Number of protein chains: 2
Amino acid sequence: MSGPTGDDLVEMLAALANPIRLRIVATLAGRRDYVSQLARELGVSRPLLHMHLRRLEAAGLITGRLELSEDGKAMKYYEVTDFDLHLTASAIAEAAQTLTMPDPGKGPAPKEST
Amino acid sequence: MSGPTGDDLVEMLAALANPIRLRIVATLAGRRDYVSQLARELGVSRPLLHMHLRRLEAAGLITGRLELSEDGKAMKYYEVTDFDLHLTASAIAEAAQTLTMPDPGKGPAPKEST
DNA sequence: TTCATGTGTCATCTTTTTCTTACACGTGAA
DNA sequence: TTCACGTGTAAGAAAAAGATGACACATGAA
């Protein structure tokens, strides 16, 4: 077993929980592509696509590398990593054990007396 | 196959992409629980928990029903549904085909012909 | 009645995410 | 030089999500 940590899982789920990013992964699942071409295919601006690509790459779902084309242009090609997430209640229960908690002071439960 | 639609998938992923909601599912994976008790265990306020529970239930990941306790109190018990999401690039590629995009009248994908 | 338990919602504020616009740099070709 | 194509980033608006506090209602027990 030993899936991703709770924090990593949240990051991966957040990266996938978006229509555009889902379409990016879907497109790259077929073939690798470079940024400008991908932006044209998906119909989104390059700055926007750039942001989504960073989010997906940060989550480890895609990887990109800069290559030089024949005519000397710098092209950044992205492709999907072969991730495999199996989500069930028990798998989530296991991952949740490694969740980093926000530390709002150390007080146990916010006692209410009203 | 026939997994969830693209939109449903986005909703499920968005529902799980949150530390609190992940802990809710993790807790309910062990045993069903009612709102106030769950709020105490997780250390969150009831209005906040209520919001998160609604999001999870809307995504079909948990279900709640109102029951009457021995002493006449109305308790809302939640439990997890037995969902099973298998996330790979190809599975996402399939689901992405049924994504509804808020595309303002952009008929065919502009096949760029540079 | 008052207190403690349970349920829920509303208005508001803060934070994060999403998206656009504008700019910068580099190369090859006309 | 200018144009077309590629890369990237920064600032700010717009939208969505997260979180809080105050409120309302019902029940059983002291």
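The values are calculated or read from the model by the stated rules, or taken from the named source; none is laboratory data. Quick caveat, the model's predicted, so the values are computed rather than measured. Quick reminder, even Gly has a Cβ in these numbers, built from the backbone with ideal geometry, and neighbours come from all protein chains shown.
Scanning the stretch B:12-25 for residues that are in a helix (DSSP H, G or I) and among the hydrophobic types (A, V, I, L, M, F, W, C) gives B:MET12, B:LEU13, B:ALA14, B:ALA15, B:LEU16, B:ILE20, B:LEU22, B:ILE24, B:VAL25. Just to verify a result, which residue in the stretch B:59-100, among those that are surrounded by fewer than 13 Cβ atoms within 10 Å (Cβ to Cβ) and hydrophobic (A, V, I, L, M, F, W, C), is farthest from DNA strand D (Cβ to nearest atom)? Top of the filtered list is B:LEU66.
Selection of the stretch A:31-50 for residues being in a loop (DSSP other than H, G, I, E, B) and farther than 21 Å from B:THR100 by Cβ yields A:ARG31, A:ARG32. Taken over the stretch B:56-75, residues that are part of a loop (DSSP other than H, G, I, E, B), in contact with a strand residue (DSSP E or B) (Cβ under 8 Å, 6 or more places away or on another chain) and not hydroxyl-bearing (Ser, Thr, Tyr) amount to 1.
The sole residue among A:GLY64, A:GLY72, A:GLY3, A:GLY60 that is more than 9 Å from chain B (Cβ to nearest Cβ) and touching a Lys or Arg at 6+ places or on another chain (Cβ under 6 Å) is A:GLY64. The number of residues in the stretch A:46-84 that are within 19 Å of the chain's Cα centre (by Cα) and among the polar types (S, T, N, Q) comes to 2. Just to be sure before I move on: is B:ALA91 closer than 22 Å to A:LEU22 by Cβ, more than 8 Å from chain A (Cβ to nearest Cβ) and not β-branched (Val, Ile, Thr) in the structure I sent? Yes.
Confirm whether A:ILE24 is modelled with pLDDT of 95 or more, crowded, with 16+ Cβ neighbours inside 10 Å and away from DNA strand C (no atom under 13 Å from the Cβ). Judged against the criteria, A:ILE24 is not a match. Taken together, B:LEU53, B:LEU28 contain a single residue that is part of a helix (DSSP H, G or I) and within 14 Å of DNA strand D (Cβ to nearest atom), which is B:LEU53.
Taking the listed residues A:ARG32, A:ARG55, the one that is more than 11 Å from DNA strand C (Cβ to nearest atom), in contact (Cβ under 8 Å) with a residue 40 or more places away in the chain and more than 9 Å from chain B (Cβ to nearest Cβ) is A:ARG32, with no other qualifying.
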